[in-house]
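**Student:** Following this message is one structure expressed as structure tokens.
The values are calculated or read from the model by the stated rules, or taken from the named source; none is laboratory data. Only a predicted model underlies this, so the values are computations on that prediction, with no experimental measurement involved. Here the Cβ positions follow ideal geometry from the backbone for every residue, glycine too, while neighbour counts run over all protein chains shown.
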Amino acid sequence: MTAAPIARLQRRTIGVLVAGQVLGGVGIGAAFSVGALLVARVAGESLSGFATTSTTLGAAAAAIPLARLAARRGRGPALATGALLAGVGAAVVVAASVLHLAPLLFAGLVLLGCSTAANLQARFAAADLADERHRGRDLSIVVWSTTIGAVVGPNLSGAGEALGTALNLPPLTGPFLFPVVSQVLAALLLITALRPDPLRTARALADRTDAAERSERADEVAAAEAPSAPLGDAAPQTIAAPARIPRGPGAAIALVALSHATMVAVMSMTPLHLQHHGASLVIIGVTISLHVVGMYGFSPLFGVLADRWGRVRTAGLGLALLLAALLVAALGGERTEWVVVALILLGLGWSGATIAGAGLLGEGLAPGDRPRVQGRSDLAMNLAGAGGSALAGTVLATAGYAGLALASVLLVAGAAVALAVIARDRAERMRASDPAPGIRSH
């Protein structure tokens, strides 16, 4: 397959992934916006925080199984399975609300978290066939499409509640009807339109390239060992050493996970902090909305920066923005306007670090190895987010909002160490690919 057909297939892949993200995201956004309220009604206010915890754990639990499915069957079946499980989860939530069964409700929310797992893996699907010069851009377009569901979805809560009332469903149940339908439609789109499958195509192209290189190497070795060739005229040959497993992917997993934990820890406690300082629900809602815009709305910018300026530098910029956000939160946390600034910077920093980190994750890996590593990354990312939100409440209660921000600096420092490891690994691989003059390497 030549470059032109691959480029056309990549454009089609991006279009299908964006449509799937928008279709599924709108329904999920409507459901997530009332999840904690529904848990409070069914299970009690003391357990309302477990709505987010349940969906996050569901996303973490689904990350590796969906990645393994992608490795075996391709991106389309894996993403469609995640969407279908989320649709089933939404239906279980509706049933649990009608039956007033808290355990069934949490089970449904765990399944609903599969939508997040599929959402995260969609960005990797965008990179499977991407030209190396545009990988960050393509990945960021799919991430950006999440903005539509995140912004439009919560605004459908009223319509969902009206629909639920018309169907005689319990209060707060109606919004969960949207993902029942939207996730099934997204699954149908992904399984039928994401063809040829980007991951399977990338693996086939890589296998073809490897076979051609092995054939070329065998021909050159045979020519060098031919009896007719004078000994003195034989070109010096080297046999390539087994490729070292790069440290970069593991460090990229740490970079993404720690950046995500930083964002979740501060963001999850900001509404409570603002409420304690007398902010209205409108101000809190606007603050979180601006934060979400910072997370997703500028992702194409960071994607272009990753392609043109470099992924390591873009990730470093993201970490610098996260650090700036924490310092603003620590120094200006008593004033609402500075908290808003901190949350915008926090979203921008998360976007830069995670988009560049996702691009770094696949470096040095064969297409067949990527789903396994990407699944581990998503697992680590979700577990880090769950841990960050769980610990943030304790830190806020004991050290205040400024203390939480300063404590989160340690997470950014850990991410910076991971980025330094990535930079060193890339430098070593570049030196290994540039052999000494006169020695030819394949």
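**Student:** In segment 126-162, what residues are touching a residue at least 12 places away in the same chain (Cβ under 8 Å), within 22 Å of Ala204 (Cβ to Cβ) and touching an Asp or Glu at 6+ places or on another chain (Cβ under 9 Å)?
**Tutor:** Of everything in segment 126-162, those that are touching a residue at least 12 places away in the same chain (Cβ under 8 Å), within 22 Å of Ala204 (Cβ to Cβ) and touching an Asp or Glu at 6+ places or on another chain (Cβ under 9 Å) turn out to be Ala126, Ala127, Asp128, Leu129, Ala130, Asp131, Arg133, His134, Arg135, Asp138.
**Student:** Need pairs with beta-carbon distance below 9 Å; first residue in contact (Cβ under 8 Å) with a residue 24 or more places away in the chain and within segment 93-118, second of a type in the set (A, V, I, L, M) and not in a helix (DSSP H, G or I); sequence gap 6+ or separate chains.
**Tutor:** Val94/Leu169; Ser97/Leu169; Ser97/Leu172; Val98/Leu169
**Student:** Conditions: (1) out of contact with any Ser or Thr (no Cβ under 6 Å at 6 or more places or on another chain); (2) free of Cβ contacts under 8 Å to residues at least 60 places away in the same chain; (3) more than 21 Å from Thr146 (Cα to Cα). Gly318 meets all but one. Number of the miss?
**Tutor:** That leaves (3) as the condition not met.
**Student:** Here are some residues: Ala159, Ala193. Which one is assigned by TED's automatic domain parsing to the domain that holds Leu112 and in contact with a Phe, Trp or Tyr (Cβ under 9 Å, 6 or more places away or on another chain)? So that I can check it myself, show each step before the final result.
**Tutor:** Values: Ala193 fails: in contact with a Phe, Trp or Tyr (Cβ under 9 Å, 6 or more places away or on another chain).
Just a single option satisfies the conditions, and that option is Ala159.
**Student:** Of all residues in segment 144-169 being among the polar types (S, T, N, Q) and modelled with pLDDT of 85 or more, which is surrounded by the most Cβ atoms within 10 Å (Cβ to Cβ)?
**Tutor:** The selected residue is Ser145.
**Student:** Only residues that are free of Cβ contacts under 8 Å to residues at least 24 places away in the same chain and under 30 Å from Leu199 (Cα atoms): list them for segment 13-45, please.
**Tutor:** Correct list: Gly15 only.
**Student:** Kindly provide the set of residues from segment 397-423 that are surrounded by 22 or more Cβ atoms within 10 Å (Cβ to Cβ) and over 18 Å from Ala324 (Cα atoms), ordered by number.
**Tutor:** Once the filter is applied, which keeps residues that are surrounded by 22 or more Cβ atoms within 10 Å (Cβ to Cβ) and over 18 Å from Ala324 (Cα atoms), segment 397-423 yields Ala418, Ile422.
**Student:** Could we say that Ala251 is in a helix (DSSP H, G or I), closer than 30 Å to Arg372 by Cα and either modelled with pLDDT under 70 or in contact with an Asp or Glu (Cβ under 8 Å, 6 or more places away or on another chain) (or both) here?
**Tutor:** yes
**Student:** Which condition breaks for Arg313 when tested against (1) within 15 Å of Ser140 (Cβ to Cβ); (2) of a type in the set (Lys, Arg); (3) surrounded by fewer than 19 Cβ atoms within 10 Å (Cβ to Cβ)?
**Tutor:** (1)
**Student:** Is there a residue being β-branched (Val, Ile, Thr), without any contact (Cβ under 8 Å) to a residue 24 or more places away in the chain, out of contact with any Phe, Trp or Tyr (no Cβ under 7 Å at 6 or more places or on another chain) and in the same structural domain as Val181 (by TED's automatic domain parsing) anywhere in segment 75-90? Please lay out each step first, then the result.
**Tutor:** So in segment 75-90, the residues β-branched (Val, Ile, Thr) come out as 81, 88.
Pick out the ones that are also without any contact (Cβ under 8 Å) to a residue 24 or more places away in the chain and you get 88.
Applying the additional criterion that residues be out of contact with any Phe, Trp or Tyr (no Cβ under 7 Å at 6 or more places or on another chain) yields 88.
Those left that are additionally in the same structural domain as Val181 (by TED's automatic domain parsing): 88.
Yes, some residue in segment 75-90 is β-branched (Val, Ile, Thr), without any contact (Cβ under 8 Å) to a residue 24 or more places away in the chain, out of contact with any Phe, Trp or Tyr (no Cβ under 7 Å at 6 or more places or on another chain) and in the same structural domain as Val181 (by TED's automatic domain parsing).
**Student:** Please identify the pairs in which a residue from segment 163-179 that is within 21 Å of Ser115 (Cβ to Cβ) and assigned by TED's automatic domain parsing to the domain that holds Gly24 has its Cβ atom under 6 Å from the Cβ atom of a residue that is of a type in the set (Ser, Thr, Tyr) and in a loop (DSSP other than H, G, I, E, B), counting only partners at least 6 apart or on another chain.
**Tutor:** Gly164/Thr173
**Student:** Still on this structure, I have one more. Across segment 1-28, what is the total count of residues that are surrounded by 20 or more Cβ atoms within 10 Å (Cβ to Cβ), among the β-branched types (Val, Ile, Thr) and more than 17 Å from Asp128 (Cβ to Cβ)?
**Tutor:** 2
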